[in-house]
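Novice: Below: one structure in structure tokens.
The values are calculated or read from the model by the stated rules, or taken from the named source; none is laboratory data. Everything quoted here is computed from the prediction, not taken from an experiment. With ideal geometry, Cβ positions are generated from the backbone for all residues, glycine too; neighbour counts draw on all protein chains shown. For the accessible areas, the whole protein counts, side chains as well, though only heavy atoms, and no ligand, DNA or RNA atoms are used. Shrake-Rupley method; radii C 1.70, N 1.55, O 1.52, S 1.80 Å.
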Amino acid sequence: MRARVLSGRKIADEIIAEVAAEVADLREIHGFSPRLDVIRVGEDPASEVYVGNKVKMAAEVGIESRLHHLPAETTTDELLALVTELSNNDIVDGILVQLPLPDQIDERAVLEAVAADKDVDGFHPLNVGRLNLGHKALVPCTPAGVIEILKRSNIEIAGKHAVIVGRSNIVGKPMAALLLRENATVTICHSRTADLAAITRSAEILVAAIGRPAYIKAEHIGEGSTVIDVGINPFVDLNAVASTFPDEDVEKRLAAIEKRGSTLIGDVNQRDAMAKAANFTPVPGGVGLLTVAMLMKNTVDAAKTRRLNG
Ligand code: NDP
């Protein structure tokens, strides 16, 4: 079997175009543009890139954004004061606190201080609870993006056995809730799961959200399954390139490692997935692109619900 590659670019572009059209309507018909406030604390280089992408994308779709960059030594109280001010500010529709936060900050207190109806990351306990109750909620962007990939690629979810590897609050758990909402039969695996490969092999839809480069290999992948690779990891091993990437990618990947010291890979061995799965999301160019698109969608949804009652 040779897997169909599910392009995140094409699907993200579709969603971005839909969101831009909605923003234009809000401006023309209702006279306002949604506003997203993004908070970054400290100098984490990955966070700087992620936040930059979010602010840039907001400008592209016509969402107004403000970036609040606070020093690394910011206290919990100082951050809480900003989050509370934005939560109470009527012109702010979405608030995003970029994680991870520096160690001295009480992350839980900060996430709980975000007004639930402006919580565009979907991390507030009210939204987590609503999602799990099957009620309308702001839903975490990455798993919401996975659902969009599946639906817009015409991959049936209802009745299928979906296996998620990873149980984090930002990916694994909300992914399980969303797949359940779509009527999949869901299994969640984690680091204490016994005989992981036997379970993942039985998946018709396998979502890998582990944070370990190319951890999911041929033995974990069911013939003809759909494999969604959420992971984003650096891959540095020149000697393992030929056994990890499909033939047509090997040269490009070797060149990237030689030039920059690493190339990007997810949690799945791409060569094995291409050989065994029916559908596979690439890294880069897969789920990652959906995360930012879904943040834009959440911001517009939050604005509509709060300002127009839906
Ligand atoms: P976490 O580290 O929070 O969670 C990892 C999960 O994987 C844990 O539940 C852990 O189990 C499980 N795990 C670790 N090792 C194993 C193993 N050997 N076998 C089975 N399960 C294992 O990671 P995140 O959920 O935050 O992220 C996962 C990946 O997704 C990362 O690569 C991250 O970079 C990427 N990511 C990508 C995004 C995107 O936009 N595409 C957005 C967010 C994350 P346990 O709970 O038992 O420790």
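Novice: Checking Leu111 against (1) in a helix (DSSP H, G or I); (2) under 19 Å from Ala208 (Cα atoms), which test does it fail?
Specialist: Answer for Leu111: the failing condition is (2).
This table checks each residue for (1) open to solvent by less than 50 Å² (accessible area, probe 1.4 Å); (2) in contact with a helix residue (DSSP H, G or I) (Cβ under 9 Å, 6 or more places away or on another chain); (3) modelled with pLDDT under 95.
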position: His220; (1), (2), (3): yes, yes, no
position: Pro234; (1), (2), (3): no, no, no
position: Leu238; (1), (2), (3): no, yes, no
position: Val241; (1), (2), (3): yes, yes, no
position: Thr244; (1), (2), (3): yes, yes, no
position: Gly261; (1), (2), (3): yes, no, no
position: Val287; (1), (2), (3): yes, yes, no
position: Arg307; (1), (2), (3): no, yes, no
position: Gly310; (1), (2), (3): no, yes, yes
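Novice: I'd like to know if the range 5-14 contains one or more residues that are open to solvent by 30 Å² or more (accessible area, probe 1.4 Å), under 30 Å from Ile205 (Cβ atoms) and of a type in the set (S, T, N, Q).
Specialist: Scanning the range 5-14 turns up at least one residue that is open to solvent by 30 Å² or more (accessible area, probe 1.4 Å), under 30 Å from Ile205 (Cβ atoms) and of a type in the set (S, T, N, Q).
Novice: Follow-up question, since we're still on this one. For a quick check of your reading: which helices (runs of 4 or more DSSP H) sit entirely within the range 232-310 and have at least 1 residues that are more than 27 Å from Ser153 (Cα to Cα) and away from the ligand (no atom under 16 Å from the Cβ)? If you could, list the steps in order and put the result at the bottom.
Specialist: On the way: elements: 241-244, 247-260, 270-276, 287-308.
By residue number, 241-244, 247-260, 287-308.
Novice: Looking at (1) surrounded by 16 or more Cβ atoms within 10 Å (Cβ to Cβ); (2) within 24 Å of Arg152 (Cβ to Cβ), which is the one condition that is false for Tyr215?
Specialist: Tyr215 satisfies all of (1) surrounded by 16 or more Cβ atoms within 10 Å (Cβ to Cβ); (2) within 24 Å of Arg152 (Cβ to Cβ) except (2).
Novice: Just to be sure before I move on: is Leu99 of a type in the set (A, V, I, L, M), within 11 Å of the ligand (Cβ to nearest atom), touching a residue at least 40 places away in the same chain (Cβ under 8 Å) and not assigned by TED's automatic domain parsing to the domain that holds Asp229 in the structure I sent?
Specialist: yes
Novice: Among the numbered criteria (1) over 20 Å from Leu150 (Cβ atoms); (2) part of a loop (DSSP other than H, G, I, E, B), which single criterion is violated by Gly224?
Specialist: Status for Gly224: all satisfied but (1).
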